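Q: Quick one: structure below, then a few questions.
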Amino acid sequence: ELFMELWLENSDVSSPFKKFASVDESKTFSSDTTKVGNGVIVTPCVDSPTTRKTRYARGAESDIQIRCRVATEQMIEIVLAANSKSMLTALLRDLLCVVSSDKDRKASERNRRRQTTSNHISHLVDALIDQLLTLEEKRDGNASEFGKKLVATVRTLSSLAEVSSSEVVKYVDTLIPYLKADNNISMAEESEVVKEICDILRLVSSDMAQGEVTQLARGSLSDDIEKITYKFGISTLSSAVAALCEFGNHEAMDDDNPFRSKAMKLGTIFYKYLSKNATLTLDFSKATKAIKHNIQRALSVLGCLCKSHKVEDEDIEWLDQAIEENSCDLPKEITWNTMVKVCYYVFTYYLKNSDAEIKSSALKAMTGIFISRPRVLLGMQKAGIVESIMSPDSEPKLQLQALFCWREILLAEEKRVESGAAKKKMESNRNITNSQKISGDQDGDATLAGGVLTQHHKRLYEMTKDSNEQIRHACVDL
């Protein structure tokens, strides 16, 4: 809390930014490193009074605007230097989110801190959007520098959306045009920008009102996201599919909404491709690089669809039969209601492939089913499939992918519980009694992943001493 006061709040605490807050409009910030207080080093960014007046049409910046502008400039520089937003996201989440120690405080105090946090994030988001618009206004011939700065700015905004998506909703119309990918920067940078925008849209979709989502459905958003899945790499493709599914699952949308229709179209196209190639061979080790890449791409799309797939009152009675049959015959068609079942068949089929890369991609795709349907993981555990994948006799690439998948599953479960999604699902189920809510029986899925993983604790310990360095590191990380 003291750090946040020093960094952002307009309080009586002696802050390194007090000097900036009291700067006269007739003076410019010095580019020299400034030493303030007890050894605190602050490097202000060069800015002119003209720029600041243009940026804020309402007049001179307030103290909080100056502080947040400087803070966001620092954030962007951190993301640019690290080429990643993970560290910044973790820092912001720990600093700005309500921590466990707040449970011991009074409700009024918790509400006050919650409101303060909301104000902090709102000001930071405003400042970041202003940075984005200023960056566009100052675009010059140096496309390389512009591209790097644009990626870092959008990534920083995505970090804030992960912390508090509700504060970013008001700028959706400003961000959507970036999905056109016409910024005249490198393809790699375009891919990163589009990926982060898709992540932001996915995060804010649940905070959008019915009218806002309906308006987006009438526009070209679904078409823009569909084009992304054909144009960019697997990482960006995954973010695009996830955003498409989140909008399709929005409570304001009916079953035939354009977002779900596009998702179903993608599922049908990529499933047909996988089904066609599955009849050719079970050994893709000699296949061309293009064919292997397309198969991995198709598996990734179906995995993302399964991860975000939602159907009311679905049962998985088909699972026991599917495991017992162990059939190589794939269903001819795929529908929205049979999405998970059909994808399970195709994923398990490609898991039998002799090519390690294809098997790893199939396992990664299967993780989407494990996250949305944890009982499938339990069924595969009973059948011994999980044990065979993690055994020392399986390929190192497959073992490594298994550890990555376990980590993704546990993080998804942690997020589901902490975000309140698990509680919301429980409260919407009328068949759950109060005694079950109290005892915890209402959320049996919550312990499945951890329970299955515990069964392999001896193997996990062995993997920490594996000769493969990547496996050792991944295991320790898990």
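Here, each number is a calculation from the coordinates, and none is a lab measurement. Just so it is clear, the model here is predicted, and its values are computed rather than measured. Counting neighbours? That spans all protein chains shown, and the Cβs are built from the backbone with ideal geometry, glycine included.
Q: Could you size up the charge dipole of the stretch 203-355 around its Cα centre, putting +1 on the beta carbon of Lys and Arg and -1 on that of Asp and Glu, and report it in debye to the nearest 20? Numbers along the way, then the final one.
A: Values: 17 positive and 22 negative charges, 239 e Å.
Roughly 1140 debye for the stretch 203-355.
Q: Taking Cα centroids, how far is the stretch 384-415 from the stretch 360-380 in Å?
A: 10
Q: What net charge is computed for the residues neighbouring L91, neighbours being all others with C-beta under 12 Å from the C-beta of L91, Lys and Arg scored +1, Asp and Glu -1? Write down the numbers at each step before the final one.
A: Working: positive: K85, R93; negative: D94, E162.
Spelling it out: positives minus negatives among the neighbours equals 0.
Q: Give me the distance between the Cα centres of the stretch 449-467 and the stretch 138-202, rounded to whole Å.
A: 39
Q: Let me ask something else about it. Among residues other than F146 whose Cβ falls under 14 Å from its Cβ, what is the net charge (Lys/Arg +1, Asp/Glu -1)? Write down the numbers at each step before the final one.
A: Working: positive: K138, R139, K148, K149; negative: E136, E137, D140, E145, D182, E189, E190, E192.
That works out to -4.
Q: Each label point is 7 Å from the Cα along the Cα-to-Cβ direction; what then is the distance between the points at N111 and K276, in nm?
A: Each label point is offset 7 Å from its Cα along the Cβ direction, giving 6.1 nm.
Q: About the Cα centre of the stretch 285-408, how large is the charge dipole given +1 on each Lys and Arg Cβ and -1 on each Asp and Glu Cβ? Please answer in debye to the nearest 20.
A: Working: 16 positive and 16 negative charges, 142 e Å.
So the dipole magnitude of the stretch 285-408 works out to roughly 680 debye.
Q: Run the quick spin-label model on T214 and E387: label points 7 Å from Cα toward the beta carbon, then report their separation in nm to one decimal.
A: 5.5
Q: At 7 Å along Cα-to-Cβ for each site, give me the label-to-label distance between A188 and K332 in nm.
A: Placing both labels 7 Å beyond Cα along the Cβ direction yields 4.7 nm.
Q: Rounding to the nearest 20 debye, state how big the charge dipole of the stretch 146-259 is about its Cα centre with +1 on each Lys and Arg Cβ and -1 on each Asp and Glu Cβ.
A: Numbers: 10 positive and 19 negative charges, 107 e Å.
That gives the stretch 146-259 a dipole magnitude of about 520 debye.
Q: Okay, next question. Quote to one decimal, in nm, the extra length available between H473 and D320 on full extension: 0.36 nm per residue of separation minus the C-alpha distance between them. Don't jump to the answer; show the numbers that get you there.
A: Working: separation 153, 0.36 × 153 = 55.08 nm, distance 3.48 nm.
Using 0.36 nm per residue and subtracting the Cα-Cα distance, I get 51.6 nm.
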